[in-house]
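Below you'll find the structure, written out as structure tokens, and then a few comments.
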Amino acid sequence: MKHYLETADAVLTELHTSEAGLTASEAADRLVKQGPNRLDDPPKPTLLARFLEQFRNPMILVLLAAAVISGITGVIEDGRLDADVFIILFVVLANAVLGVYQENKAEAAIEALQAMSASHSRVKRSGEVIVVPSAELVPGDVIELEAGDNVPADCRLLTAAALKAEESALTGESVPVDKDTAQLSGGEIPLGDRRNMLYMGSSIAYGRAEAVVTATGMQTEMGKIAGAIANAEDDETPLQKSLSQLSKILSVAVLVICVLILGISVLQMISAQGRITMPGFLSSFMIAVSLAVAAIPEGLAAVVTVVLSIGVTNMSKRGAIIRRLTAVEALGCAQVICSDKTGTLTQNKMTVVQERTDAPALLAEAMALCCDAALNTDGSVTGEPTEAALVAYAYKNGLKKYEREETMPRVAEAPFDSLRKMMSTVHKKDGGYVQYTKGAPDEVLRRCTQILTENGVREITTADKEIILTQNKEMADQALRVLMAAYRTMDSLPEDTSPAALEHDLIYIGMTGMIDPVRPEVKDAIGLCRTAGIRPVMITGDHRDTAVAIAKELGILGEGQKALTGAELNEISDEEFDAHVADYSVYARVQPEHKVRIVNAWRKQNMTTAMTGDGVNDAPSIKSADIGVGMGITGTDVTKNVADMVLTDDNFATIVGAVEEGRRIYDNIRKAIQFLLSSNLSEVLCIFIATLGLGSLTNGAFRIFSPVHLLWINLITDCFPAAALGMEKAEDGIMKRKPRSSSAHIFSDGLGINLLWQGMLITALTLISYVIGAKTSPEAGTTMAFITLSCCEMLHSWNMRSLKGSVFTIKHRNPALLGSIMLSVALTLPVLLIPALRNIFSLVPLTVSEYLTAAGLSVLILITVEIVKAITRTANKQA
């Protein structure tokens, strides 16, 4: 039943109730059948489920496979599990625990932000008004509402006195809407235009009412939105996609290389011995396992988690709570930010910004006294937003309403109604009485016969009215809400204080223009978005003129871009809209389903899309977007529950900070990947080349490195510096480049080529070191190669502070990286110098010259990379 199309009596009949309300027993029965009046909580995964979810990452699965292989070969060869197994499992478990901890921490922060609304309601039961928990309301209950009350359920109005409802959370309309009991006609009427209905999630801004509950819980409009959210599925972020691709590549590469090396080793064995022996096969198999360990960057998953966690911590300090680790990185490649206007781009606080009068002091007095908003002693204002703006305007001009009311008490009034579009109040003043009238300019002006000017009061002329109407239009064209004030004086209080008796022969004072002003920091944030190549889009439930004015002020509506209403969007097919979505930067008078359609249209263009907002009406589109951003202060619980990131300060500019942080994080992850994979590649090539070139010397069982050497380098020499690279500050100009495409491969922009030649260079330096040491003994060669490879990695991590710029020109410092290199040195030296540890690693003592040679060779990686980066920069400038 579309209750807004029916009479109040018909609705009562339909719900089997009356104006006296339900009986207590009937209400109890309906509560059992209908369930409590609350929204379903989104299902939360158990702690175990969250822990297991961390293992779905392909990289983690590859690591687990390496552990299994290492464990099996260890048992076969030595009858016990190698230390490799425990090291890998420790890395995997630490990564999972860190991920679960961060998610739980974010959830706890979100729950701390949530607040209960409309916890109790005044309801009629058998004709008596009682207070019950809002959760116990049922369809058919008759409730009483007044200014300041939250609407606890969807309702059809039975009575309404000067009623206005704040519905911005549902419709995006920043100005409270007038409500009445009249039956509507027509077909499907937009929610924002259903003047005889009240909805859960809204609040009463002015007046009072009685209403019958028509829907509760998940059957309300808010509940339907919450239900639609549950149907949307989470997509992988660009980083997750990139890491999945990397994991698949590594998995295939590991399998191919292992099989290839095992086959070559076996053929060498057959060639040398004429047959396959079990010891020889196990030795060859261990070479393949060494390759598997070498090819897999054991620390990458942990490093990515640490880098993202650092980003989460940084963002929390800047006013954002990250609910998913990968959401920070995803913001870094945002190409479109679709933002709700009310409360996000604007302050959701009506403010007088212009006035037209020759008597500003009297205009302020008239506006402040002819309204029901109240000024508190602390300077705050309580009341309906429009009237609160007028009282605040008077306060700003030095008039304290509560003081003026003591000397000019209100003695009569003609309340506002939507037909007259004005209200009047009568006050005592100087032994007589003064009447102030405020309202819609055209209506008030029709009742004015005189005008107050700098020279006093005189008859109002046609020319005066034309000037006034022109001024009104100028303000209206700026999307300002204009109110006019007039007055007249009386010697005595009239007996008849009806609107008709009061509102005539008025003296024009002036007009005020008000608007929900933009947040002061947003314009700069929008400009930075433009510089960063990000397209801002405004989506609002407000009228087109208001939306366009705000968009132009902020710089959202650019040259050649258009505004579109929800009604116009309904007339456009999906195919046509998808083709022309880039033409529109402003959407006005939209419904929740429109917002989802807009977000999805951008995503179909392969544009990474973020959606911000605070109201319930934003929740489905926030869920559908690549990155959903909710507001922590003004945001509804439904919105915060589905957002990937919640802004604790409701500041749009914080999103721009998140974009910068996301770009920094992705840059640093790429640095870590290039650093780690070039190391892994060098290890693979060392073993591969040594097996091919030197395997025949040991009957196919030669190993330059064993798994323990490679794990030490991967987890100690590599992991600490890689994690420290995640703390590198953003490079200059990071917000002046275009966002990367979500489909861009992680090896793009030269990363793949760079890690290839850098890995080959490290390989060459390591093999040269081995050959030099092997003149003494194979063990000495392995020891020198171990030193050279370890030192190369430490110095190469310094190279990676910038993928393109010189590390010697970076202005900021990274003490964490310097500390991690020193820690790696401190942990590696005992392995080389303490006999017991040296024996575990099958290393041998070297001469001073051998130590210096092995370490000195590694310096070439720093010098060579700097030279290549300089040549590349020069070539790019010339191009």
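Tabulated values for the structure
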read-out: Residue within the range 465-477 that is exposed (fewer than 13 other Cβ atoms within 10 Å of the Cβ) and touching an Asp or Glu at 6+ places or on another chain (Cβ under 8 Å) present; value: yes
read-out: So Leu827, is it surrounded by fewer than 15 Cβ atoms within 10 Å (Cβ to Cβ), aliphatic (A, V, I, L, M) and touching a residue at least 12 places away in the same chain (Cβ under 8 Å); value: yes
read-out: Matching residues, the range 768-793, being in contact (Cβ under 8 Å) with a residue 24 or more places away in the chain, surrounded by fewer than 23 Cβ atoms within 10 Å (Cβ to Cβ) and either part of a loop (DSSP other than H, G, I, E, B) or under 46 Å from the mean Cα position of the chain (by Cα) (or both); value: Thr776, Ser777
read-out: Options Thr608, Thr654, Thr634, Thr648: the member that is of a type in the set (Val, Ile, Thr) and crowded, with 24+ Cβ neighbours inside 10 Å; value: Thr608
read-out: Set Gly752, Gly759: member being of a type in the set (Gly, Ala, Ser), farther than 21 Å from Leu852 by Cβ, out of contact with any Ser or Thr (no Cβ under 9 Å at 6 or more places or on another chain) and open to solvent by less than 30 Å² (accessible area, probe 1.4 Å); value: Gly752
read-out: Filtered residue count, the range 850-879, keeping only those that are surrounded by 14 or more Cβ atoms within 10 Å (Cβ to Cβ), over 13 Å from Gln758 (Cβ atoms) and aliphatic (A, V, I, L, M); value: 3
read-out: Those strands (runs of 3 or more DSSP E) lying entirely in the range 488-580 with at least 1 residues within 30 Å of Glu188 (Cβ to Cβ) and in contact (Cβ under 8 Å) with a residue 24 or more places away in the chain; value: 535-539, 562-565
read-out: Count - residues of the range 397-419 that are touching a strand residue (DSSP E or B) at 6+ places or on another chain (Cβ under 8 Å), without any contact (Cβ under 8 Å) to a residue 60 or more places away in the chain, under 26 Å from Thr351 (Cβ atoms) and not hydroxyl-bearing (Ser, Thr, Tyr); value: 4
read-out: Identity of the residue in the range 572-605, hydroxyl-bearing (Ser, Thr, Tyr) and under 23 Å from the mean Cα position of the chain (by Cα), that ends up most open to solvent (accessible area, probe 1.4 Å); value: Tyr584
read-out: Residues of the range 161-192 that turn out to be crowded, with 23+ Cβ neighbours inside 10 Å and either within 30 Å of Ser25 (Cα to Cα) or of a type in the set (Ser, Thr, Tyr) (or both), as a count; value: 3
read-out: Which numbered condition Ser418 fails, given (1) open to solvent by less than 30 Å² (accessible area, probe 1.4 Å); (2) under 21 Å from Leu390 (Cα atoms); value: (1)
read-out: Counted residues, the range 36-56 - those being under 30 Å from Phe90 (Cβ atoms), basic (Lys, Arg) and in a loop (DSSP other than H, G, I, E, B); value: 1
read-out: Glu850 being in a helix (DSSP H, G or I) and touching a Gly at 6+ places or on another chain (Cβ under 8 Å); value: yes
read-out: Unique match (being open to solvent by less than 10 Å² (accessible area, probe 1.4 Å), polar (S, T, N, Q) and modelled with pLDDT of 95 or more) among Thr461, Thr449, Thr437; value: Thr437
read-out: Test set (1) open to solvent by 60 Å² or more (accessible area, probe 1.4 Å); (2) within 17 Å of Thr512 (Cβ to Cβ); (3) not in a loop (DSSP other than H, G, I, E, B) - Ala392 fails condition number; value: (1)
read-out: Qualifying residue in the range 330-349 (condition: outside any loop (DSSP other than H, G, I, E, B), within 29 Å of Leu715 (Cβ to Cβ) and modelled with pLDDT of 70 or more); value: yes
read-out: Given (1) part of a helix (DSSP H, G or I); (2) in contact with a Lys or Arg (Cβ under 9 Å, 6 or more places away or on another chain); (3) modelled with pLDDT under 95, number of the condition Met367 does not satisfy; value: (3)
read-out: Qualifying residue in the range 611-626 (condition: touching a residue at least 60 places away in the same chain (Cβ under 8 Å), in a strand (DSSP E or B), open to solvent by less than 60 Å² (accessible area, probe 1.4 Å) and in contact with a Phe, Trp or Tyr (Cβ under 6 Å, 6 or more places away or on another chain)); value: no
read-out: Lone unmet requirement of (1) closer than 27 Å to Val586 by Cβ; (2) modelled with pLDDT under 75 for Arg324; value: (1)
read-out: Within the range 1-35, tally of residues that are open to solvent by less than 70 Å² (accessible area, probe 1.4 Å), part of a loop (DSSP other than H, G, I, E, B) and under 27 Å from Thr159 (Cβ atoms); value: 8
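The values are calculated or read from the model by the stated rules, or taken from the named source; none is laboratory data. All values reported here derive from a predicted model rather than from experimental measurement. Glycine gets a Cβ as well: all are built from the backbone with ideal geometry, and neighbour counts include every protein chain shown. Calculation scope for accessible area: heavy atoms of the full protein, side chains included, ligands and nucleic acids excluded. Shrake-Rupley method; radii C 1.70, N 1.55, O 1.52, S 1.80 Å.
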